[in-house]
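> Supplied in structure tokens, the structure appears directly below.
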Amino acid sequence: CKLHYPLEILYVAQDFLDDHLEFCSHFTAEADRTAFNYIYLARDLAELDGGRYAKKRNLISQFLELYKDWEAVPLDVRCGQECREVLLAIAHDQGLASDDPTLKAELAALDFSMRHFDELEQSGMMIRIDGVSAAFSMFERLNGETAVIHFEKARREFKGLYQMINRETSRMIDAAGYRLINREEDLGKDGLRQAKLSYNPVEIYPVYNLTLNTGVA
């Protein structure tokens, strides 16, 4: 059949371009910065050593001083409702309506992940403060040396909580024997990009959108 629009292949990894030179020669490749993946050393984020992480350690110290009754526990399939409560609390603080498309999509992804938690071999962490769910993360094995984090959410009214869920999740990943953490993309959001950069990635892995050179197929 003949397409009346340019054939595109989205979010193609650099490795694919390198491994399929002849195929990719028929396409124009354009880097998509909003979808670049941020890669970190798990040990760096677990230990937060050195001057470059001084602000992170300071915020964690403030958290420990402010919130004496807190706990970090492994996430499991029973935590679905608590994770939902965290997402909804964050959305409320951001002024998002309950029917906001982004919120609905995120809740749908969360619900699916929790329903198939064991089947998808998910892992994660939940932080409770005074018995109230306040932050959670969810990750899975990407390959033998890398874990990829799909969710990392923290209620902003708790100072230093984001840094705590990041550290506790990284410690869990490091203890599981992974060397690297893939924290996925920044979606082109300036705040998210700055937050990811502030943790000093060892690599920002590029991805590309391919457009067939003829414009039709």
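> Considering (1) open to solvent by 60 Å² or more (accessible area, probe 1.4 Å); (2) more than 18 Å from the chain's Cα centre (by Cα); (3) more than 23 Å from PHE139 (Cβ to Cβ), say which one LEU3 fails and leave the rest.
Of the numbered conditions (1) open to solvent by 60 Å² or more (accessible area, probe 1.4 Å); (2) more than 18 Å from the chain's Cα centre (by Cα); (3) more than 23 Å from PHE139 (Cβ to Cβ), the odd one out for LEU3 is (1).
> Of the conditions (1) closer than 28 Å to LEU64 by Cα; (2) within 16 Å of the chain's Cα centre (by Cα); (3) not hydrophobic (A, V, I, L, M, F, W, C), THR102 clears all except one; give me its number.
All conditions are met except number (1).
> Looking only at the range 105-126, which residues are open to solvent by less than 50 Å² (accessible area, probe 1.4 Å), over 16 Å from the mean Cα position of the chain (by Cα) and farther than 20 Å from ALA147 by Cα?
Within the range 105-126, ASP111 is the sole residue that qualifies.
> Of everything in the range 56-99, what is assigned to a strand (DSSP E or B) and open to solvent by 50 Å² or more (accessible area, probe 1.4 Å)? Give them in sequence order.
Pass one, the range 56-99, residues assigned to a strand (DSSP E or B): 70-74.
Listed by number, the residues that qualify are TRP70, GLU71, PRO74.
> Related question: Determine whether the range 35-51 contains at least one residue that is touching a residue at least 60 places away in the same chain (Cβ under 8 Å), part of a loop (DSSP other than H, G, I, E, B) and either under 27 Å from PHE139 (Cβ atoms) or under 18 Å from the mean Cα position of the chain (by Cα) (or both).
yes
> Continuing with this model, one more query. Name the single residue that is nearest to GLY188 (Cα to Cα) among those in the range 16-32 being open to solvent by 60 Å² or more (accessible area, probe 1.4 Å) and among the aromatic types (Phe, Trp, Tyr).
Of the range 16-32, the ones open to solvent by 60 Å² or more (accessible area, probe 1.4 Å) are 16, 18-23, 25-26, 28, 30.
If we keep only those that are among the aromatic types (Phe, Trp, Tyr) too, we end up with 16, 23.
On the way: PHE16: 23, PHE23: 29 Å.
Within the range 16-32, the match that is nearest to GLY188 (Cα to Cα) is PHE16.
> Taking the criterion of being within 25 Å of ASN58 (Cβ to Cβ), touching a residue at least 40 places away in the same chain (Cβ under 8 Å), open to solvent by 10 Å² or more (accessible area, probe 1.4 Å) and not in a strand (DSSP E or B), would at least one residue in the range 138-155 satisfy it?
yes
The values are calculated or read from the model by the stated rules, or taken from the named source; none is laboratory data. It should be emphasised that the depicted structure is a prediction, and the values quoted were computed from it without experimental measurement. Neighbour counts are summed over all protein chains in view; Cβ atoms, including those assigned to glycine, are modelled from backbone coordinates with ideal geometry. For accessibility, only protein heavy atoms count, side chains too; no ligands or nucleic acids. Shrake-Rupley method; radii C 1.70, N 1.55, O 1.52, S 1.80 Å.
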